[in-house]
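Asker: Let me begin by handing over the structure; questions about it come next.
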Amino acid sequence: MEKISLEVLKEISKHIYEIPKSYRQDMRVPARAIMSREMLQDVLQDSSLWQLVNVASLPGIVKCAFAMPDIHQGYGFPIGGVAATDIENSGVISPGGIGYDINCGVRLLSLPISAKELGKHLEKLASSLFSAVPSGVGRGGKEIFKGAQLDRILQYGASELVSMGYGTQGDLEFCEEGGYMKSADPTKVSERAKQRGQNQIGTLGAGNHFLEVQVIHEIFDEKIAQTFGLQKGNVCIMVHCGSRGLGHQTCSDHVKNMVSNLDKWKLKLADLELACAPFNSKQGQDYFGAMSASANFAWANRHMIGHHIRNVCKSVLGGDVLLKTVYDVSHNIGKVEDHVVDGKACRLLVHRKGATRAFAPGMVEVPQHYRSVGQPVLIPGTMGTCSYVLAGTKTAMDLTFGSTCHGAGRRLSRTKARKEIHVEVLRKQLEGKGILVKGDSNKGLAEEAPFAYKDVNDVVKVIHETGIAKMVVRLKPLVVIKG
Amino acid sequence: MEDKKDFEFIEHTADIKVKIYGDTLKQLFQNGLVALFQTVLPKAKGCFIREGREFCSSFPIARKISVTSGTKETLLIDFLSEVLCLMDTYDEAYGEINIQILSDTELVGTLHGIPVASYRGEDVKAATYHELSIDKVGDTWEAIVTFDV
């Protein structure tokens, strides 16, 4: 895999660097990296931008292939990338541009109590959450959903769980898509994917997935924070996970299907993992229906985790402590959206792989209650540092199809991270910062050490200064439960 | 004499990249399974870790596997994807395979594995087609595979 050199990139405005379309013959649009010069130096060390150039060669791609400041090398598409294709003009859909963990995302819940009030209950809360929310590779949940019941969840997502008595209507109101995509087609999700998912609703999984108890440490925009119901010193709970084995299997099934059909559309791709199909072809529609159903499964998963958290909080803190869902966003997804490209209204399939929707104030997709200030954007950081809530902007609509970053972004491989720190030293360092850590996997914990990631503060600063989301609050971890 | 390498990990920022070796194509596929097993590191009775590698006294479970694909390269990925699916479905991990049929487009065999409660290694979401290759270098077959974790 090749790397891009610095001289190829042209600075077109502060924090925006462009690889021109002329760089490689097969590019259909330029590739743009949104980051500081220092970050760029780091990013050029791996193949992230070469992967972005590959994305810029996809059939039907419009405007630019975008890299967010948290970009890192992935498989096929880079992680932290946005690519939109014109579906009314043979634009493609690519499962690799969405990822195997379909609708991996973040849910934030707020508690009406301060960290000080939580104080003595913290250890109990941490242990109770750790036992109530299964985490780790291969860990299943308490509930089994199969057959027609699972199909209804694939069709109606978190909304179906509410009708079954889990969670509240309010949780749905403050969830991207209201908790389910109407484009879902459960018949396009294979039986084996369904079998893998039947005991996985309400489970975190492993890797970089986590559940954190956090405190709102700093407010940057008082008005928006108030609208989101976030007060300095109060406690929040953040959940990061996705569609588990069901989503992984769905992606594998459909990538395989597209790989075997590439000749049919005479598609020549720079990497087989970019396998795609015209959005309006049978294969494209089958995948979109299956992806939407898997996304609904992920929303149901995070919704169920929210339900378990609510029960734990009731039992540890008392029944009058009411948890509110602040928002739930996806950062691995493909959406049909209307955007303006070169002054013309277009219907696009926006691939966000490691990128978050950041819709502007006034848009109907933003919950009524938040519409005056923009969509909440949830940016998880690393376990030793902090996370952010931002708000979507008009600039994001104009520049990046209403998209922004999704996290800190990895900079060190897992092997290097493990070599650089012993897990017990890491635990002590985190405890020294007042952070309780729960997790069965020492290996996993060391791999997720804060220094293995970019500094989330730098990432968010670039986002804020570029204007593709606005800083609202910073949250610091009190408890980290690692998957 | 030093044992011949079956696979090795290659540096990758976020995922797990492996280089797999085999004297024959069949052994290459067998070692692909070993690479996956040594990436997930199952926690199971009768298994232990020594120098980062998992060893099991036996593999009591037998499960049939049958995969078809377009080329030998995609067959390797589709085979590993099928193994991942079986692992997740049955809570089992497979350390060995007896391959009965292997061509460029078909694999039929019997996986041998253990029941697994959890894993101490990586959460492998998928075997990807990213930068996939199978080459014969001298007398040795070599493959590059990237696992999404």
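The values are calculated or read from the model by the stated rules, or taken from the named source; none is laboratory data. This is a predicted model, so every value here is computed, not measured. Note that we place each Cβ from the backbone using ideal geometry, even for glycine, and neighbour counts take in every protein chain shown.
Asker: Quick one: in region A:178-214, of everything that is touching a Ser or Thr at 6+ places or on another chain (Cβ under 8 Å) and of a type in the set (Asp, Glu), which residue is farthest from A:Tyr453 (Cα to Cα)?
Answerer: A:Asp185
Asker: Just to be sure before I move on: is B:Thr110 more than 7 Å from chain A (Cβ to nearest Cβ), among the polar types (S, T, N, Q) and assigned to a strand (DSSP E or B) in the structure I sent?
Answerer: yes
Asker: Which residue out of A:Ala355, A:Ala408, A:Ala391, A:Ala396 is in contact (Cβ under 8 Å) with a residue 12 or more places away in the chain, buried (at least 24 other Cβ atoms within 10 Å of the Cβ) and within 14 Å of chain B (Cβ to nearest Cβ)?
Answerer: After ruling out the rest, the residue left standing is A:Ala408.
Asker: On the given criteria, is A:His217 more than 19 Å from A:Met304 (Cβ to Cβ), more than 11 Å from chain B (Cβ to nearest Cβ) and surrounded by 22 or more Cβ atoms within 10 Å (Cβ to Cβ)?
Answerer: So A:His217 does not fit the description; no.
Asker: Run down A:Ala355, A:Ala391 and say which single residue is of a type in the set (A, V, I, L, M, F, W, C) and over 30 Å from B:Ile16 (Cβ atoms).
Answerer: A:Ala391
Asker: Now for a separate question. Looking only at residues that are among the aliphatic types (A, V, I, L, M) and out of contact with any helix residue (DSSP H, G or I) (no Cβ under 7 Å at 6 or more places or on another chain) in region A:411-441, which one is farthest from the other protein chains (Cβ to nearest Cβ)?
Answerer: Restricting to residues being among the aliphatic types (A, V, I, L, M) and out of contact with any helix residue (DSSP H, G or I) (no Cβ under 7 Å at 6 or more places or on another chain), the top hit is A:Ile435.
Asker: Show me the strands (runs of 3 or more DSSP E) entirely contained within region A:279-378 in which 3 or more residues are in contact with a Cys (Cβ under 9 Å, 6 or more places away or on another chain).
Answerer: A:324-330, A:332-341
Asker: I've got another one for you. Evaluate region A:112-121: report whether one residue or more is under 14 Å from A:His308 (Cβ atoms), outside any strand (DSSP E or B) and out of contact with any Asp or Glu (no Cβ under 7 Å at 6 or more places or on another chain).
Answerer: No, region A:112-121 contains no residue that is under 14 Å from A:His308 (Cβ atoms), outside any strand (DSSP E or B) and out of contact with any Asp or Glu (no Cβ under 7 Å at 6 or more places or on another chain).
Asker: Can you name the residue in region A:379-392 that is β-branched (Val, Ile, Thr) and in a strand (DSSP E or B) and, of all such residues, is nearest to A:His406 (Cα to Cα)?
Answerer: Of everything passing the filter in region A:379-392, A:Ile379 is nearest to A:His406 (Cα to Cα).
Asker: Right, here's the next one. Which numbered condition trips up A:Thr385, out of (1) under 30 Å from A:Val423 (Cα atoms); (2) buried (at least 20 other Cβ atoms within 10 Å of the Cβ)?
Answerer: Here A:Thr385 meets the rest and fails (2).
Asker: How many residues are assigned to a helix (DSSP H, G or I) and either over 15 Å from the mean Cα position of the chain (by Cα) or more than 14 Å from chain A (Cβ to nearest Cβ) (or both) if we restrict to region B:73-103?
Answerer: Counting residues in region B:73-103 that are assigned to a helix (DSSP H, G or I) and either over 15 Å from the mean Cα position of the chain (by Cα) or more than 14 Å from chain A (Cβ to nearest Cβ) (or both) gives 2.
Asker: Go through region B:52-72 residue by residue and tally those that are over 20 Å from B:Leu28 (Cβ atoms) and either within 13 Å of chain A (Cβ to nearest Cβ) or assigned to a strand (DSSP E or B) (or both).
Answerer: Selection size over region B:52-72: 8.
Asker: Would you please name the residue that is farthest from the other protein chains (Cβ to nearest Cβ), looking only at residues in region B:122-149 that are outside any strand (DSSP E or B) and surrounded by fewer than 22 Cβ atoms within 10 Å (Cβ to Cβ)?
Answerer: The qualifying residue farthest from the other protein chains (Cβ to nearest Cβ) is B:Asp139.
Asker: For region A:44-54, what are the residues that are within 13 Å of another protein chain (Cβ to nearest Cβ) and of a type outside the set (Gly, Ala, Ser)?
Answerer: A:Leu44, A:Gln45, A:Asp46, A:Leu49, A:Trp50, A:Gln51, A:Asn54
Asker: Among the candidates A:Ser135, A:Ser110, A:Ser183, which residue alone is touching a Gly at 6+ places or on another chain (Cβ under 7 Å) and modelled with pLDDT under 95?
Answerer: The conditions single out A:Ser135.
Asker: Being at pLDDT 95 or above and away from chain A (no Cβ under 14 Å) is the filter here; which residues of region B:26-46 pass it?
Answerer: B:Lys26, B:Gln27, B:Leu28, B:Phe29, B:Gln30, B:Asn31, B:Gly32, B:Leu33, B:Val34, B:Ala35
Asker: Does region A:70-92 hold any residues that are more than 14 Å from chain B (Cβ to nearest Cβ) and either assigned to a loop (DSSP other than H, G, I, E, B) or out of contact with any Ser or Thr (no Cβ under 7 Å at 6 or more places or on another chain) (or both), and which are they?
Answerer: Scanning region A:70-92 gives A:Ala83, A:Ala84, A:Thr85, A:Asp86, A:Ile87, A:Glu88, A:Asn89, A:Ser90, A:Gly91.
Asker: Quick check on my filter: what residues within region A:269-284 are over 23 Å from the mean Cα position of the chain (by Cα) and either more than 14 Å from every other protein chain (Cβ to nearest Cβ) or surrounded by 24 or more Cβ atoms within 10 Å (Cβ to Cβ) (or both)?
Answerer: Passing the criteria: A:Ala277, A:Pro278, A:Asn280, A:Ser281, A:Lys282, A:Gln283.
Asker: In the set A:Ala148, A:Ala206, A:Ala193, which member is over 22 Å from A:Leu323 (Cβ atoms), of a type in the set (A, V, I, L, M, F, W, C), outside any loop (DSSP other than H, G, I, E, B) and within 14 Å of chain B (Cβ to nearest Cβ)?
Answerer: That would be A:Ala193, the only listed residue that is over 22 Å from A:Leu323 (Cβ atoms), of a type in the set (A, V, I, L, M, F, W, C), outside any loop (DSSP other than H, G, I, E, B) and within 14 Å of chain B (Cβ to nearest Cβ).
Asker: Ok, one more. Taking A:Val8 as meeting all but one of (1) under 17 Å from A:Lys454 (Cβ atoms); (2) more than 14 Å from chain B (Cβ to nearest Cβ), write down the number of the exception.
Answerer: (1)
Asker: Against the definition (modelled with pLDDT under 95, buried (at least 19 other Cβ atoms within 10 Å of the Cβ) and not acidic (Asp, Glu)), how does B:Tyr119 come out, yes or no?
Answerer: Judged against the criteria, B:Tyr119 is a match.
Asker: What number goes with the only condition from (1) within 14 Å of another protein chain (Cβ to nearest Cβ); (2) at pLDDT 95 or above; (3) assigned to a helix (DSSP H, G or I) that B:Glu8 does not pass?
Answerer: (3)
Asker: Please identify the pairs in which a residue from region B:51-70 that is closer than 30 Å to B:Asp104 by Cβ has its Cβ atom under 8 Å from the Cβ atom of a residue that is modelled with pLDDT of 95 or more and in a loop (DSSP other than H, G, I, E, B), counting only partners at least 6 apart or on another chain.
Answerer: Listed by first residue and then by second, the contacts come to B:Thr68/B:Thr105; B:Ser69/B:Thr105; B:Gly70/B:Thr105.
Asker: On to the next question. Out of region A:135-159, which residues are of a type in the set (Asp, Glu) and within 17 Å of A:His308 (Cβ to Cβ)?
Answerer: Selection gives A:Glu143 alone.
Asker: Further, regarding this structure: Is there a residue in region B:94-106 that is at positive phi and surrounded by fewer than 20 Cβ atoms within 10 Å (Cβ to Cβ)?
Answerer: Looking for residues that are at positive phi and surrounded by fewer than 20 Cβ atoms within 10 Å (Cβ to Cβ), one finds none in region B:94-106, hence no.
Asker: Which of the residues belonging to region A:442-475 are under 14 Å from A:Pro69 (Cβ atoms) and either among the aromatic types (Phe, Trp, Tyr) or touching a helix residue (DSSP H, G or I) at 6+ places or on another chain (Cβ under 6 Å) (or both)?
Answerer: A:Tyr453, A:Gly467, A:Ile468, A:Ala469, A:Met471
Asker: Take region A:426-449 and flag every residue that is assigned to a helix (DSSP H, G or I) and either touching a strand residue (DSSP E or B) at 6+ places or on another chain (Cβ under 8 Å) or surrounded by fewer than 20 Cβ atoms within 10 Å (Cβ to Cβ) (or both).
Answerer: The answer is A:Arg427, A:Lys428, A:Gln429, A:Leu430, A:Glu431, A:Gly432, A:Asn442, A:Lys443, A:Gly444, A:Leu445.
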